[in-house]
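The next block holds one structure in the form of structure tokens; read it before the comments.
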Amino acid sequence: MWHGAGHAVGAGKRPTAANSQPVDAPWSLRILAAILCGVLLARMIFAKKGRQYFIRRIPGIDAIEEAMGRATEMGRPIIYTTGINSFDNMQTLAGLAVLSWVARQCARMMVRIIVPVCQPVVVSATADILRESFRAEGREEMFDPADVPFLSTDQNAYAAGTIGFMVRNEVAAAFYIGGFGFESLLLAETGNRIGAIQIAATADYFQIPFFICACDYTLIGEELYAAGAYLTREPVQVGSLVGQDLGKLMILLILAVGSAFAVWSQGNLNPIEGLLGK
Amino acid sequence: MNRWKRAVVWSFTFGFGLIWVLAFFLPSEVGGGLDRHGMYAPELVGTRLFYTSGSRQGPGNLSEHTVGAFIAMLDLDNTSIRREMIVPSPFRQHDYYGAKRPHVFRVRDRYIALYLGIGRDDKRRICVATSSNGTDWTPSERPAFEVPASVSPDGPAWMTARQTPGGMEVLFLAQSEGRLIVRRASGPDATRLSLEEEPALSLPSPESVMAVAFDGPRWIVLSQIGTGDPVLWTARVENGRLVGLRQFLGGSASAAREMGMEAGAAIVAPDFAKRVTDVHAVRDGEALRLLIVGGDDSPEADGRLRVALYEGASLEDLALARNSQPDGSVVALGSPAIDTHFHRLAAQASDFVPILLNFGFGMGLISLIGIHGRRVVRRAEGSFFSLALVLALIAMVYTQFGYQQNPESDYWKQLNTLLFFNMNFPLGSMMFGLLAAFLVSAAYRAFRIRSIEAAVLTAMAALVVLTQVPTGQFVGSLISNEAVLVGADVDAVAGQARTWALTVINDAVQRGVGFGAFVGAIAMSLRIWLSLDKSGED
């Protein structure tokens, strides 16, 4: 991505040898990213070698199993959406990571899962994940391609189509895990009206309030990326979760120290100078 | 997945990931990118080039972090002397997010710079900074001029300033209710500007004027006509309209004649200025100095912006001056692109992305036709809708193929217009209309106070709605009228509370969520890159 797009030559055009290079990040950012990656990799390696880590409880993720149990008891399907973005958005990948676990649970509990898709590119990956998950549980016959409908790349049409699926099938549980736009409220409110237990996870700032108000559980920001790893409890994944928390702690420390220096460097805001009356 | 398939997928994922990871971490001499700051809107005073650098970017991913626009200075006699002159400050509200488009003047024994500040509320204001030596600058604590919200809610899109016998004159582009108007403010000095009632110029279409410079009453206009490259032309203003005088640089002779202008470029531009991005003019005594910023976006070019300096007594006899670079420019802006084997590899790797996406698109299409085709064949419930979908798909694909092959044919044009503009667009609008009504009612129903978090959100939403949305302001005024009777200035307190909630709490929370999400995204990227993400396995 070229910064200052309005003024850069070739902005918005096909990348060429001269302008397709990634952004030249400042050294501070490179060092920070390297340390973060180092911490994450170290935790993953330690976890693989057998070190036990405690990971904090995330109620929203724990509730996924509860929601599926409810669907089993009621004998109704569940609906799962990975949002409106394509593979260029990490949130879609996070949604698909959770989907594979949810699909296996569905196969075990014999619950039908409907996954309406907004991007044609995501359709085949989603169908493949469902098929593989059912096959892994020995229930390949449960897979029906019609349960992975591609609705539309248009946000409005996608929202309307998904709402239609929710209402017609009277879903018992709804999972919104990925990147969303304004349709977040439309989906969540519909789920609320039909009495579905709803779990949402997104890193889109502006949709988080809607999900918090209308859903039973909401995973905010990084919890979305942690969900897939949290569900498996596999040592390497648990290690990455611990590394993730350490990374956040590190950023918090940098913020605190940076804020203190910023205040200190402004003479008129320096608390010591203020106290001394200078 | 069998072992071989897994190994192939792993190799591809790791290989492509490695290229981009290296491109991020390695120094630019090996494989990194161009100077991300860029440089634009230059102003020349003596041998000092003042310009805007940096830009604002949303937090898309780690490498697209926010860099506030700032104003820098470069000495053309010694280009190693570069100084960041006015940088955004968290301690100044009016240029909190950025400072751009400098206009520097020498007034008696000191320098004055007028610039556009991007405030904490995202509104642009005309700000002023002063300097005694032209090197060390002190931005003012307050903006010099704030455009009323009724004229332009977001402030000026661009500005240009010049000294006049009466003091100072500023022209800026105001955007209000979808209209673009060039307005004028003038005053005895930069801090005492007042808005003139009459617009200096009404513009016929958006984006038609990108910058202006002056030579006396003549305007030098940089405009984009249609989707073509920007064109420089001279004009005078008659009854609030631009009347083109002469095509100055770029554009075709026929287009100039169509606009009633004298055809034929007035100056010959160096090769790099095929695509002009900015223009500045300054009178220095008898001499007119014109700065043209441009670049060449052809695959052979290095992608850098360059500045050409023209000098002459008038617009008619301008000639390239100080062409210190072999290509005719005075300075090439930004770092040169590094053309290494690694860099070319990264460019080729990026070409794979659209190929893979298009494959995925094709598979999605096949899946769609398969699902709905089966439903039609089996005459399943609702198969009529599936049939409609398949027919619509075929019709649209057929039309687009035909139209792309014969774009001049009336038949294909009409068919494309019928299906795309007369059917697809209205259906999309209708769908949005239906959902919009549902959205409004859903918003009211959704905000139930079911938890402490929901209660806080509802309270905040009520505060913002009552103080910012027109209907809310009306309701708020009714409440405040009652409150005024008991001596409380509810409007002022609520306004401050709203600004505080939006700019302090909201910003802090967004950044907090952003930090967490970035770290989470890095962890997940690492897991995917190293094929460690096995969420579907126990």
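The values are calculated or read from the model by the stated rules, or taken from the named source; none is laboratory data. This one's a predicted model, so the numbers in the text were calculated from it and none came from an experiment. Here Cβ is always computed from backbone atoms with ideal geometry, including for glycine, and neighbour counts include all displayed protein chains. The protein model used for the area step is the full one, side chains on, heavy atoms only, and it has no ligands, DNA or RNA in it. Shrake-Rupley method; radii C 1.70, N 1.55, O 1.52, S 1.80 Å.
Mind checking which residues of segment A:102-128 are without any contact (Cβ under 8 Å) to a residue 24 or more places away in the chain and either more than 10 Å from chain B (Cβ to nearest Cβ) or open to solvent by 20 Å² or more (accessible area, probe 1.4 Å) (or both)? Walk me through how you get there before you give the answer.
Our first condition is that a residue be without any contact (Cβ under 8 Å) to a residue 24 or more places away in the chain; within segment A:102-128, this holds for A:124, A:127-128.
Selection gives A:S124, A:D128.
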For residues that are among the polar types (S, T, N, Q) and modelled with pLDDT under 75, scanning just segment B:452-508, find the one that is least open to solvent (accessible area, probe 1.4 Å). B:S480
Residues of segment B:132-147 being part of a strand (DSSP E or B) and either farther than 12 Å from B:P102 by Cβ or without any contact (Cβ under 8 Å) to a residue 24 or more places away in the chain (or both), in sequence order, are B:T138, B:F145
Would you mind telling me which numbered condition in (1) at pLDDT 85 or above; (2) part of a loop (DSSP other than H, G, I, E, B) B:P407 fails? (1)
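Here is a yes/no grid of residues against (1) modelled with pLDDT of 75 or more; (2) more than 7 Å from chain A (Cβ to nearest Cβ); (3) outside any loop (DSSP other than H, G, I, E, B):
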| position | (1), (2), (3) |
| --- | --- |
| B:F16 | yes, yes, yes |
| B:I19 | yes, yes, yes |
| B:L22 | yes, yes, yes |
| B:G32 | no, no, no |
| B:A41 | yes, yes, yes |
| B:G54 | no, yes, yes |
Exactly one condition in (1) at pLDDT 85 or above; (2) in contact with a strand residue (DSSP E or B) (Cβ under 6 Å, 6 or more places away or on another chain) is not met by B:S383; state its number. (2)
When A:S152 is evaluated against the numbered criteria (1) more than 16 Å from A:T81 (Cα to Cα); (2) at the interface with chain B (Cβ under 10 Å from one of its Cβ atoms), which criterion, by number, is the only one it fails? (1)
Given (1) within 11 Å of chain B (Cβ to nearest Cβ); (2) out of contact with any Pro (no Cβ under 7 Å at 6 or more places or on another chain), A:E140 misses just (1)
Of residues in segment A:81-101 being within 11 Å of chain B (Cβ to nearest Cβ) and among the small types (G, A, S), the one farthest from B:R527 (Cα to Cα): A:S86
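Restricting attention to segment A:224-247, does a residue exist that is closer than 30 Å to B:V440 by Cα and within 10 Å of another protein chain (Cβ to nearest Cβ)?
Looking only at segment A:224-247, we keep the residues that are closer than 30 Å to B:V440 by Cα, and these are A:224.
Those still in the list that are within 10 Å of another protein chain (Cβ to nearest Cβ) too: A:224.
Yes - at least one qualifying residue is present in segment A:224-247.
What residue, of B:L419, B:L393, B:L368, is in contact with a strand residue (DSSP E or B) (Cβ under 6 Å, 6 or more places away or on another chain), part of a helix (DSSP H, G or I) and touching a residue at least 24 places away in the same chain (Cβ under 8 Å)?
On inspection, the qualifying residue turns out to be B:L368.
Can you tell me how many residues within segment B:108-131 are part of a strand (DSSP E or B) and either crowded, with 24+ Cβ neighbours inside 10 Å or touching a residue at least 60 places away in the same chain (Cβ under 8 Å) (or both)? Outline the logic, then answer.
If we filter segment B:108-131 for residues that are part of a strand (DSSP E or B), which is where we start, we get B:110-118, B:124-131.
Add one more test, that the residue is either crowded, with 24+ Cβ neighbours inside 10 Å or touching a residue at least 60 places away in the same chain (Cβ under 8 Å) (or both), and what stays is B:111-118, B:124, B:126-128.
Selection size over segment B:108-131: 12.
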Going through segment B:239-260 one residue at a time, which ones are aliphatic (A, V, I, L, M), at pLDDT below 70 and outside any helix (DSSP H, G or I)? B:M259
Which one of the conditions (1) within 18 Å of B:G382 (Cα to Cα); (2) at the interface with chain B (Cβ under 10 Å from one of its Cβ atoms) does A:M166 fail to meet, given that it meets all the rest? (2)
Of (1) open to solvent by 40 Å² or more (accessible area, probe 1.4 Å); (2) over 27 Å from A:L32 (Cα atoms); (3) modelled with pLDDT under 90; (4) assigned to a helix (DSSP H, G or I), A:S259 satisfies every one except (2)
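Restricting to segment A:169-182, count the residues that are assigned to a helix (DSSP H, G or I) and either at the interface with another protein chain (Cβ under 8 Å from one of its Cβ atoms) or touching a Leu at 6+ places or on another chain (Cβ under 6 Å) (or both).
First, the residues of segment A:169-182 that are assigned to a helix (DSSP H, G or I): A:169.
From what is left, the residues that are either at the interface with another protein chain (Cβ under 8 Å from one of its Cβ atoms) or touching a Leu at 6+ places or on another chain (Cβ under 6 Å) (or both) are none.
Selection size over segment A:169-182: 0.
Is there a residue being aliphatic (A, V, I, L, M), at pLDDT 75 or above and open to solvent by 10 Å² or more (accessible area, probe 1.4 Å) anywhere in segment B:79-87?
Initial filter on segment B:79-87 (aliphatic (A, V, I, L, M)): B:81, B:85-87.
Okay, now just the ones that are also at pLDDT 75 or above, so B:85-87.
Of the ones still in play, those that are also open to solvent by 10 Å² or more (accessible area, probe 1.4 Å) are B:85, B:87.
Yes, there is a match, as at least one residue in segment B:79-87 is aliphatic (A, V, I, L, M), at pLDDT 75 or above and open to solvent by 10 Å² or more (accessible area, probe 1.4 Å).
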Residue list for segment A:198-207, filter: at the interface with chain B (Cβ under 7 Å from one of its Cβ atoms) and free of Cβ contacts under 8 Å to residues at least 24 places away in the same chain: A:Y205
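Just one of B:Q400, B:Q405 is exposed (fewer than 11 other Cβ atoms within 10 Å of the Cβ) and touching a helix residue (DSSP H, G or I) at 6+ places or on another chain (Cβ under 9 Å); which is it? Explain how you work it out, then say what you get.
Values: B:Q400 fails: exposed (fewer than 11 other Cβ atoms within 10 Å of the Cβ).
Going through B:Q400, B:Q405 in turn, the sole match is B:Q405.
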Scan of segment B:126-145 for residues that are over 11 Å from B:H94 (Cβ atoms) and of a type outside the set (S, T, N, Q), ordered by number: B:A129, B:G134, B:D136, B:W137
Of all residues being over 21 Å from A:G38 (Cα atoms) and at pLDDT 85 or above in segment B:512-538, which is most open to solvent (accessible area, probe 1.4 Å)? Just the residue, please. B:G512
